[in-house]
Amino acid sequence: MKVDVDATLLEAVKALAEPLRLRIVQLLAAEELCVCHLVEELDVPQPLVSHHLRVLRDARLVESSKYRYWTYYRLRTEPLEAAGRELVSLASAAPSNGEQRRPCC
């Protein structure tokens, strides 16, 4: 069975399915933050935050930049918006109860 799924959408959904990563994305939606801000806000160890940021970077949902001695992270809106559009499209296309029901054998 072959499943044809856009790799970018799949990466984004997989990355956002983890509660702590979703919370990081929610925090970054408001402002750019460094790891120390996220550790303080989330009350979790720094290596855990760094791991989740790496997963989000690999999924192209966040990017980083240096500012003085610190690395700040910000949300990349384009991939997030593209995933959102695809999910909204799926929800819009779904038939209501009883519509487009495939007959059984």
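The values are calculated or read from the model by the stated rules, or taken from the named source; none is laboratory data. In this text, all values refer to a predicted model and were calculated from it rather than measured experimentally. Note that each Cβ is placed from the backbone with ideal geometry, even for glycine, and that neighbours are counted across all protein chains shown.
Looking across segment 32-44, the residues that are out of contact with any Ser or Thr (no Cβ under 7 Å at 6 or more places or on another chain), surrounded by 13 or more Cβ atoms within 10 Å (Cβ to Cβ) and of a type outside the set (D, E, K, R) come down to 33, 37, 38, 39, 42, 44. Selection of segment 45-63 for residues being exposed (fewer than 15 other Cβ atoms within 10 Å of the Cβ) and farther than 23 Å from residue 78 by Cβ yields 45, 46, 47, 48, 50, 51. When we screen 41, 86, 31, 63 for residues that are modelled with pLDDT under 90 and not aromatic (Phe, Trp, Tyr), the only hit is 86. Given the criteria in contact with a helix residue (DSSP H, G or I) (Cβ under 9 Å, 6 or more places away or on another chain), farther than 21 Å from residue 68 by Cβ and at pLDDT below 95, does residue 7 qualify? Criteria not met by residue 7.
Consider only pairs whose beta carbons are under 6 Å apart and that are at least six residues apart or on different chains; among these, list those whose first residue lies in segment 88-99 and is on the phi > 0 side of the Ramachandran plot and surrounded by 10 or more Cβ atoms within 10 Å (Cβ to Cβ) and whose second residue is assigned to a loop (DSSP other than H, G, I, E, B) and modelled with pLDDT under 80. Listed by first residue and then by second, the contacts come to nothing, as the list is empty. Residues in segment 1-37 that are within 17 Å of the chain's Cα centre (by Cα) and either of a type in the set (Asp, Glu) or more than 29 Å from residue 86 (Cα to Cα) (or both): 5 in all. Of all residues in segment 34-57, none are small (Gly, Ala, Ser) and not in a helix (DSSP H, G or I). For residue 31, the stated conditions do not hold, so it cannot be described as under 21 Å from residue 7 (Cβ atoms) and either of a type outside the set (A, V, I, L, M, F, W, C) or assigned to a strand (DSSP E or B) (or both). For segment 21-31, a residue qualifies if it is within 28 Å of residue 68 (Cβ to Cβ) and loosely packed, with under 15 Cβ neighbours inside 10 Å, and the qualifying residues are 26, 29, 30, 31. The residue of segment 59-87 that is farthest from residue 24 (Cα to Cα), among those that are aliphatic (A, V, I, L, M) and not in a helix (DSSP H, G or I), is 59.
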